[in-house]
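Below is one structure; the comments refer to it alone.
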Amino acid sequence: MHEFSIALEIIDTLQKNGYLDGVKSVSEVKLNLGKYSGIDKNYLVFAFQNLNDKRFKDVLLNFISNNGDEITIQEILVN
């Protein structure tokens, strides 16, 4: 299940860019998934819910489907 790796990479990228500095919890992540991305939405939700990072324990993943083959993070809302 590579969705755990994807969830960890998203968090790592956010940390490296300072987006999680001082953040206590993340309420929503919007993801744009391409039709052929190979990512199972349910597994990705499961991965975020089961990571050891408590900031993402109650995160809502909002998926935006498209007909392309790209994955982009559009927006992250934090508290």
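The numbers here are math on the coordinates, done by the rules we state, and not lab data. Small disclaimer: the values here were computed from a predicted structure and weren't measured. In this analysis, Cβ positions are derived from the backbone assuming ideal geometry, glycine residues included, and neighbour counts consider all displayed protein chains.
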Answer with one residue from Val23, Val45, Ile10: the one whose Cα lies farthest towards the positive end of the charge dipole of the stretch 4-50, charges on Cβ with Lys, Arg +1 and Asp, Glu -1. Val45
Treat each spin label as a single point 7 Å out from the Cα along the C-beta direction, and report the Asn62 to Lys16 distance in nm. 2.6
Radius 14 Å from Cβ of Val45, net charge of other residues (Lys, Arg +1; Asp, Glu -1): -1
Give me the one-decimal nm value for the distance between modelled label points at Ser25 and Val45, 7 Å along each residue's Cα-to-Cβ direction. 1.8
